[in-house]
Amino acid sequence: MSTTLKDISEKTGFSTSTVSRALKNDPRISEETKTKIFSIARTLGYRFKNNFKHNKVIMFFVSNPHESIESDEFFSIVQRGILESATEKNVNCLIQSIPLSENFDNSIIPLDLIQGIIVGGIPMPNSMKSFLLNIDVPVVLIGKYSGLEKFPSVNNDNMRGGYLAAAELIKKGYEDIFIITGPTRVSTFSDRIEGFMKCFKESSISTKNIRIIEQDNFDERAGKEAVIKNLFKKKTDRTAIFCTTDWLAKGALEGLNILKIKVPEQIGLLGFGGLSFCNHLTPKLSTISLNPYLLGRIAFLLLDDLLNEKNEGRGSIFVEPTSTMRETLIGRKLK
């Protein structure tokens, strides 16, 4: 006799309607509940239907999202790219995250249920890296992580993005530049800075007037703190701030407002990320824009190739950023 929704309901303690919604990947059902229901359903031999006809389940796991995956615009868009791709291939996707303040508990990864993992987020705890290196499940990374080079990955081209940022500031005549960044031990930030410096050197412009202010975090609070505590004892009318995330730039703008320093009249400001709030700030934030939706789509395609034992799902793929210039930078006449 085949397993029914009622059988799963009795075993899990959830109502049949909740079980039904979970098995249809209804977004109203929490990921924790879905994981429990899917695991029991598989144990009982339930025959998956509709978008589970191939009986494949993957997990998208994020370390240190900005508050949560849902409120982290970047990873919520990555998630949309993954989920839309998974739906097209009749694959179910579970979602999980771990805040930076928590230790990684590998029991939250249902290895008995999933066939593959897509993972991203910065920084990534060493305990999580060790876990990934010791499981027999295909893994695809979103981002570049030291020690995990054996896994296929899709990455923002952060060096190229830093290069574009510098090119915009040079073109507009800024000469005195502060870089506010998250921890440079994280390759995401060190690559952006390396690309920035490379552009100056290739343009035969000295980097002596570029000062780096490294913060422990890369959120709004860190950007505001960097401006208020460190920045403007010696400011010129050719000063600009390059922030290695839009969140840092948003905080920097708030700090500048507190100090009554006008943007862009007295100082230029450039972010990195292309998040939607950039267009709703006053003034609108110039930024280096990324494509998180495409990252999600490509990450799923890489994992799907691995699940189907194709060789295409190997190596690293880089997605090019673009410049989005709005109101926080203005052209300066060169001396």
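Read-outs throughout are calculated quantities, based only on the coordinates presented, and are distinct from any laboratory measurement. Worth saying up front: this structure is predicted, and the values here are computed from it rather than measured. Glycine gets a Cβ as well: all are built from the backbone with ideal geometry, and neighbour counts include every protein chain shown.
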Check your understanding: If you take every DSSP beta bridge whose two residues both sit in the chain, what share of them, in percent to the nearest 5, is antiparallel?
Key -> 5 percent
Check your understanding: If you stretched the chain out fully between ARG80 and ASN279, how much longer would it get, using 0.36 nm times the residue separation minus the C-alpha to C-alpha distance?
Key -> 69.5 nm
Check your understanding: Over all directions, what mean area does the Cα convex hull of the range 146-200 project, stated in square nanometres?
Key -> 4.3 nm²
Check your understanding: Within the range 158-290, what percent of beta bridges assigned by DSSP are antiparallel, to the nearest 5?
Key -> 0 percent
Check your understanding: Which value in nm describes the separation of the simple spin-label points at SER127 and THR3, placed 7 Å from the Cα toward the beta carbon?
Key -> 3.1 nm
Review point. Between the helical axis of 187-202 and the dominant principal axis of the chain, each derived from Cα atoms, what acute angle in degrees is found, rounded to the nearest 10?
Key: 30 degrees
Review point. To the nearest 10 degrees, how steeply does helix 31-43 sit against the main Cα axis of the chain, on a 0 to 90 scale?
Key: 30 degrees
Point to revise | Most mobile listed residue (ASP216, ASP191, ASP304) in the chain, GNM with C-alpha springs under 10 Å | key: ASP216
Study note, to complete from the structure: Amide H contacts under 5 Å for ARG326, restricted to residues at least 5 apart in sequence or on another chain and with H modeled in the peptide plane, are SER286, THR287
Review point. What is the Cα convex hull volume of the range 75-114 when expressed per residue in Å³?
Key: 60 Å³
Revision key, fill the gap. Calculated from DSSP helices alone, with each H run of at least 4 adding -39500 (n - 2.57) and the total divided by the residues of the chain, [θ]222 nm to the nearest 500 comes to -11000 deg cm²/dmol
Review point. With θ set to phi - 60° and the Karplus curve 6.51 cos²θ - 1.76 cosθ + 1.60, what are the ³J(HN,Hα) couplings of the range 59-74 in order, to the nearest whole Hz, using x for Gly and Pro?
Key: 10, 9, 10, 10, 8, 6, x, 6, 6, 7, 4, 5, 8, 8, 4, 4
Revision key, fill the gap. Here, the chain modelled as identical Cα point scatterers in vacuum has Debye log10 I(q)/I(0) at q = 0.08, 0.09, 0.12 Å⁻¹ of -0.44, -0.54, -0.84
Practice item. Under 18 Å Cα to Cα from LYS262, which aspartates and glutamates show up? Leave out anything in the same chain fewer than 8 places away. Key: GLU175, ASP176, GLU225, ASP237, GLU254, GLU327
Point to revise | Space enclosed by the convex hull of the alpha-carbon atoms of the range 158-290, per residue, Å³ | key: 92 Å³
Check your understanding: Helix 158-171 versus the longest principal axis of the chain: what is the Cα-based angle in degrees, 0 to 90, to the nearest 10?
Key -> 30 degrees
**Study point:** Pairs from LYS150/LYS250; LYS171/LYS229; LYS171/LYS201 whose Cα-Cα separation, in the structure shown, is over 25 Å
**Key:** LYS150/LYS250; LYS171/LYS229
Revision key, fill the gap. With the label point 7 Å along the Cα-to-beta-carbon line of ASN230 and a cut-off under 13 Å to each amide N, the hits in the range 162-193 are 178-185
Review point. What per residue convex hull volume, in Å³, comes out for the range 65-144 when only alpha-carbon positions are used?
Key: 99 Å³
